[in-house]
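Participant: Just dropping this structure here.
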Amino acid sequence: MPTSDETSTETTTIPAQRTAETGETLLEVRGLRVVFDGFVAIGGIDFTVSRGELRFLIGPNGAGKTTLVDVITGMTKPAAGSVRFAGTELVGRREYRIVKLGIGRTFQTATVFEDLTVLENLDLAASFRMPVPKLFLRRRGVSDPVAQVLETTQLAELADRKAGILSHGQRQWLEIGMLLAQDPQLLLLDEPVAGMTKDERERTGVLLQQIAEERTVVVIEHDMEFLRRFASVVTVLHEGKVLTEGTVAEVQADPRVQEVYLGRKKEDDESGGAAAAALGLEAAP
Amino acid sequence: MQSAPVTATEEPTAAPESGTAAARSGWRARLVTPQLPWRIVFVVVIAVGVIAPYVLDPAFRLPLFTKYLCYAIVGIGIGLAWGHGGMLTLGQGLFVGLGGYSMGMYLKLHDAGPGHVPDFMDWSGVEKLPAFWEPFRSPVVAIAAVIILPIVVATLLGLLVFRQRVRGAYFAILTQALAAAFVILLIGQQGYTGGTNGLTNFSGFFGIDTYADQGHRTLYFITAGVLLVIFLLLRLVVASRFGRLLLAIRDGEDRVRFLGYDPTVIKTIAFAISAVTASVGGALIVPVVGIVNPGMLDIVPSIELVIAVAVGGRYSLAGAVIGAVVVNWARSTFSEDYPSAWTYFQGALFIGVIAFLPRGLAGLLKQLRDGGPALMKKLGIKPPSRPAPPTAPPAVALAGDQTVVVPGQGASRQEAV
């Protein structure tokens, strides 16, 4: 298990400003290996995301998509490899320090704090850079960034309601909203439209495009229709490796991708089959 | 706890519209809020608190009552750590002991006089005062120790334990084990700590004659005052961002890490606050009962404190206070008549509360409060509403049951009545 000295890296850099040119590498994963009790979840991934990109990650179940995000955000420790964010090594750092560098994430099942109001959820997300003594002051009113997020996510009417009463789609938005309130440079979204209605998906997609105008976004998504509608660059993972990378059309035409999804289909893997169907591979020769 | 800050904006528009009717309705609207049951309880409690020392038998009942208030101080801390922070501390006796013994050591040395050792040391053949006793000759040091010792111990413990993500039952058992270890240490060092007997035979407390009726009243007012101050302070803490964050950690510690906070720091601070309250409660109980001994800090009394908080309602600070007073009062009353039945009753009470009233007695009050809007309707008062939504009908049909009060409208409606 690689150990990096937290105290020494802490002082290294504050990540480059957002004003930096797009196109420059923001996230760089090299030779990443993750092993769980002998099972190789990720077997050597190289993965690069440029600043300003809206990148989609797809792949059959067990391909290592979520694991990759877990490693980037410090939740899972890799067996080997490095993850650099704006030049700073992330492996070995604690989760909250990675957040402070400017990386935010959501989870497959939206986790919001049900006993807090929508506003309080967002306010906490926005306040993490506050020194601890200041946390003891009572919140007065709504700060500008939070008000803006309430507007963007269309949750303003529900600001004073407990998050526990939100519908599934609203929770997902609240979670994305909390991420926006954090104001990260890099957003990692794990299946943000899973379980949403068609209308909600559409709105989420538009929201994502808005967000991606100012930030770098990586989205894990199974929903191919959504992908075709909103994705520009897609990375396909399979069995812990990067299978291919390219535009939606390129990826769809790639015979290896077809094999992965169709092969799964023959074994009656439901999600793989469904994904293959959604990819439009049924019609393929 | 806090409601939308709307009431203030309604008031000025209501006043100029008409004379007495609107003014009265404004006054009534401000009084009859969802907070009303709580406010009534608060006023009643303060009134009872002021009257109590002149009604209760000052030689027996009043000191007992003061003792309950000391437990209430400890209970508030448990309410913060457990109810709000999800840290079930079964070993608050440790911190009660740090405060109690700090105070007891000062009182013993004060009685012994300069150059002398406390009586029990004499009996154990300890002729020279141990070095760690020496600073406690000073009352300032003793009182500082009551505050600082628990902070230091709880902070060290918290940083070690919470960083390793020890929580739930493991944390509870760990705190319990520490309380037990502390008790064993105290009992084992007879010559230095008074052993099982602890520290007792104090002649007074900072010039207060703890054997006279007036002295009992003074102690009562000191304790009640400290309780009130701690209660109000912790209410501020709970209402602050820190308090919200603590709830968030209770419900999803791992998620909080990805909000960019270090739960270790937040939990450690909350744990340290609860330790200080326990210590202060412990220090105050010493002059009230005239003794501090290991039996007061052991696992059983520590757990009984937790039970009392559960009965009162761990999610609310007021609940912790109510629980500590009610349960301990019930214990005294029952034990007087049926000495052996109390233990069973306490067990039944605990099970009953967990099964039927998970929010404790305070939960009942909360139901009353949530029933408040219905009550206000009956009284012909519009409930204080949230600000009118900036956009037209909400995209999501959720806020349907709320009436939106446009400022001014409420007043004119009241005129018609």
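Participant: Are there any helices (runs of 4 or more DSSP H) wholly within the stretch A:61-134 with 2 or more residues that are open to solvent by less than 20 Å² (accessible area, probe 1.4 Å) and away from chain B (no Cβ under 14 Å), and if so which?
Facilitator: Here the list reads A:65-72.
Participant: Could you give every pair whose Cβ atoms fall below 6 Å, whose first residue belongs to the stretch B:46-72 and is among the aliphatic types (A, V, I, L, M), and whose second residue is modelled with pLDDT under 90 and buried (at least 17 other Cβ atoms within 10 Å of the Cβ), counting only separations of at least 6 or pairs across chains?
Facilitator: B:Leu62/B:Pro53; B:Leu62/B:Leu56
Participant: If you check B:Thr264 against the conditions, is it of a type outside the set (A, V, I, L, M, F, W, C) and either within 8 Å of chain A (Cβ to nearest Cβ) or within 30 Å of B:Pro63 (Cα to Cα) (or both)?
Facilitator: Against the criterion (of a type outside the set (A, V, I, L, M, F, W, C) and either within 8 Å of chain A (Cβ to nearest Cβ) or within 30 Å of B:Pro63 (Cα to Cα) (or both)), B:Thr264 does not qualify.
Participant: Return only the number of the condition from (1) in a loop (DSSP other than H, G, I, E, B); (2) farther than 25 Å from A:Val71 by Cα; (3) out of contact with any strand residue (DSSP E or B) (no Cβ under 9 Å at 6 or more places or on another chain) that A:Gly169 does not satisfy.
Facilitator: (1)
Participant: Right, A:Asp199: within 12 Å of chain B (Cβ to nearest Cβ) and within 15 Å of the chain's Cα centre (by Cα) or not?
Facilitator: Against the criterion (within 12 Å of chain B (Cβ to nearest Cβ) and within 15 Å of the chain's Cα centre (by Cα)), A:Asp199 does not qualify.
Participant: Same structure, new question: Could you please let me know if B:Gly191 is over 17 Å from B:Val96 (Cβ atoms), in contact with a Gly (Cβ under 9 Å, 6 or more places away or on another chain) and either of a type in the set (Gly, Ala, Ser) or without any contact (Cβ under 8 Å) to a residue 12 or more places away in the chain (or both)?
Facilitator: When the stated conditions are applied, B:Gly191 passes them.
Participant: Also, I was wondering about something else. Does A:Met178 meet the test of being facing chain B (nearest Cβ under 8 Å), of a type in the set (A, V, I, L, M, F, W, C) and in a loop (DSSP other than H, G, I, E, B)?
Facilitator: no
Participant: Which residues, counting only those in the stretch B:181-208, are of a type in the set (A, V, I, L, M), more than 13 Å from B:Lys108 (Cα to Cα) and surrounded by 18 or more Cβ atoms within 10 Å (Cβ to Cβ)?
Facilitator: B:Val183, B:Leu186, B:Ile187
Participant: Also: Yes or no: the stretch B:220-240 includes at least one residue that is touching a strand residue (DSSP E or B) at 6+ places or on another chain (Cβ under 8 Å), open to solvent by less than 20 Å² (accessible area, probe 1.4 Å) and in contact (Cβ under 8 Å) with a residue 24 or more places away in the chain.
Facilitator: no
Participant: Would you mind stating whether A:Leu227 is touching a Leu at 6+ places or on another chain (Cβ under 7 Å) and either at pLDDT below 90 or part of a helix (DSSP H, G or I) (or both)?
Facilitator: no
Participant: Can you tell me which residue is modelled with the highest pLDDT among those in the stretch A:230-251 that are part of a helix (DSSP H, G or I) and open to solvent by 40 Å² or more (accessible area, probe 1.4 Å)?
Facilitator: A:Glu250
Participant: Quick one: in the stretch A:144-163, which of the residues that are at pLDDT 90 or above and assigned to a loop (DSSP other than H, G, I, E, B) is nearest to the other protein chains (Cβ to nearest Cβ)?
Facilitator: Filtering the stretch A:144-163 for residues that are at pLDDT 90 or above and assigned to a loop (DSSP other than H, G, I, E, B), the one nearest to the other protein chains (Cβ to nearest Cβ) comes out as A:Asp160.
Participant: So B:Ala272 passes all but one of these: (1) facing chain A (nearest Cβ under 10 Å); (2) in a helix (DSSP H, G or I). Which condition number does it fail?
Facilitator: Going through (1) facing chain A (nearest Cβ under 10 Å); (2) in a helix (DSSP H, G or I) one by one, B:Ala272 breaks only (1).
Participant: Could you please give the count of residues in the stretch B:249-261 that are farther than 19 Å from A:Thr73 by Cα and either at the interface with chain A (Cβ under 7 Å from one of its Cβ atoms) or among the aromatic types (Phe, Trp, Tyr) (or both)?
Facilitator: 1
The values are calculated or read from the model by the stated rules, or taken from the named source; none is laboratory data. This is a predicted model, so every value here is computed, not measured. Backbone-built Cβ (ideal geometry, glycine too); neighbour counts: all protein chains shown. Side chains included, ligands, DNA and RNA excluded: accessible areas come from the protein's heavy atoms. Shrake-Rupley method; radii C 1.70, N 1.55, O 1.52, S 1.80 Å.
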